[in-house]
Amino acid sequence: MRILKNHPLLKLLNSYLIDSPQPSNISYLWNFGSLLGLCLGIQIVTGVTLAMHYTPSVLEAFNSVEHIMRDVNNGWLIRYLHANTASAFFFLVYLHIGRGLYYGSYKSPRTLTWGIGTVILIVMMATAFLGYVLPYGQMSLWGATVITNLMSAIPWIGQDIVEFIWGGLYTDEPQYGDVLFFALHFLLPFVLAALALMHLIAMHDTVGSSNPLGISGNYDRLPFAPYFLFKDLITIFIFFIVLSVFVFFMPNALGDSENYVMANPMQTPPAIVPEWYLLPFYAILRSIPNKLLGVIAMFASILALMVMPLTDLSKLRGVQFRPLSKVAFYVFVANFLILMQIGAKHVETPFIEFGQISTVLYFAHFFVIVPVVSLIENSLVELAIKK
């Protein structure tokens, strides 16, 4: 296998997938990266296949999706794979971020990796929204109307941007920005692939993976193949089983039935909600009465991840040996799930008040709770050492 070490391209592949030294004690929680790469691959392949039969037009978009489902050989399978893998993608990326927050993967020298990961999350959300618009069902039209209208909150030029995106004064006009949405939805996954590669390079070319103990992994490392390669294959096998259950037995469980109704600009759905994976941020948007402040809060809720390397003042990496921080982490996770529930509810009492409380708690975690708790724990550690 000398060619793997001598060939200029295969040498790069070998250094990442075969000889890459990994800490020997990393658990299955470190397998989310490979699963996310698999999801991205599935999305690109199925997305390109769907694009061959899709028509980006107000008049034909809905019918072209029905054509894919009913007339194209195995079109239903490709579409259900694409839709359900999108949900799996976000489920796994939230677990991946949660693992990073728990084990302190954002701390130096992995700060660049964390920053690129946050950018990947933002691009993922944009791509998912653009894809949700394309079938031109009821929820697609009204979801696009609500989200694109957020641009009107930008002072002076907001309304002009909205009309440029729509291609006219209304989202249901023949020159509707469906072509723009389709073009961006087609291109952004390739941007995601480039960002994922940058994410991988930023991690492997600094100190590599972190580990559950939060200490240097240089003392005991193993090559990626065969040890971690087969470990990844186990979770990939489980992933395909779970994905198959959704695709073949309950393909629409995570979707909205309103999207099987052709878009009607004269009839508003009872509740306009995005896909489940965007609900927490939608809840933050709705919890603030002012449109501009709501939009700023929604984007700030994602960018807040960027401040973790600055606000976590602990001398230890991760929360596994810090009981107060561990409690704060689980409270944050519970609050995130509450926001997800509130995002799907009608804007009425008591959900408005719960949403506002949860929003305050969400931002407090990053800017108040994490620094205060880490300082308290640092002081307790110093007291214990002095004794």
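Measuring spread by the Cα atoms of segment 21-146 yields a radius of gyration and Dmax of 17.8, 57 Å.
Once the chain from Asn25 to Leu9 is taken as fully extended at 0.36 nm per residue, the excess over their C-alpha distance is 2.8 nm. Here the convex hull built on the C-alpha positions of segment 57-105 has a volume of 86 cubic angstrom per residue. For segment 273-386, the alpha-carbon radius of gyration amounts to 1.21 times the rule-of-thumb value 2.2 N^0.38 Å expected for a compact globular protein. Based on the Cβ-Cβ distance from Leu229 to Arg2, what FRET efficiency comes out when R0 is 25 Å, to the nearest 0.05? Result of the calculation: an efficiency of 0.80.
Please work out how much length the chain gains when fully extended from Val347 to Leu17, using 0.36 nm per residue of separation minus the C-alpha to C-alpha distance, in nm with one decimal.
Gain on stretching Val347 to Leu17: 113.9 nm.
Think of a 1.4 Å ball rolled over the protein heavy atoms: the chain then has 51 Å² of accessible area per residue.
Relative to the longest principal axis of the Cα atoms of the chain, the long axis of helix 351-364 makes an angle of roughly 40 degrees. Relative to the longest principal axis of the Cα atoms of the chain, the long axis of helix 61-70 lies at roughly 70 degrees. The long axis of helix 178-204 is offset from the longest Cα principal axis of the chain by roughly 0 degrees. Per the Debye formula on identical point scatterers at the alpha carbon atoms of segment 162-297, with no solvent, log10 I(q)/I(0) at q = 0.12, 0.14, 0.17, 0.19 Å⁻¹ is -0.93, -1.12, -1.30, -1.38.
What whole-number value in cubic angstrom gives the convex hull volume per residue for the C-alpha atoms of the chain?
Output value, Cα hull per residue: 165 Å³.
Taking label positions 7 Å along the Cα-Cβ direction at both Phe363 and Phe190, the computed distance is 3.9 nm, reported to one decimal. How high is the FRET efficiency from Ala334 to Ile154, r the C-beta distance, R0 35 Å, rounded to 0.05? Efficiency, from the Cβ-Cβ distance: 0.55. Near His204: Cβ cut-off under 12 Å, other residues only, Lys/Arg at +1 and Asp/Glu at -1. The net charge is -1.
Add +1 for every Lys or Arg and -1 for every Asp or Glu among the other residues with Cβ under 15 Å from the Cβ of Ser87, and state the total. Walk me through the numbers on the way to the answer.
On the way: positive: Arg79; negative: Asp256, Glu275.
Around Ser87, the surrounding residues sum to -1.
Taking the average, over residues, of other Cβ atoms within 10 Å as the packing measure, peptides 123-131, 82-90 rank 82-90, 123-131 from highest down.
The values are calculated or read from the model by the stated rules, or taken from the named source; none is laboratory data. Predicted model, so just to flag it, every value in this text is computed and none were measured. Note: ideal-geometry Cβ built from the backbone for every residue, glycine included; neighbour counts use all protein chains shown. Just so you know, the surface numbers come from the protein's heavy atoms only, side chains and all, with ligands and any DNA or RNA stripped out. Shrake-Rupley method; radii C 1.70, N 1.55, O 1.52, S 1.80 Å.
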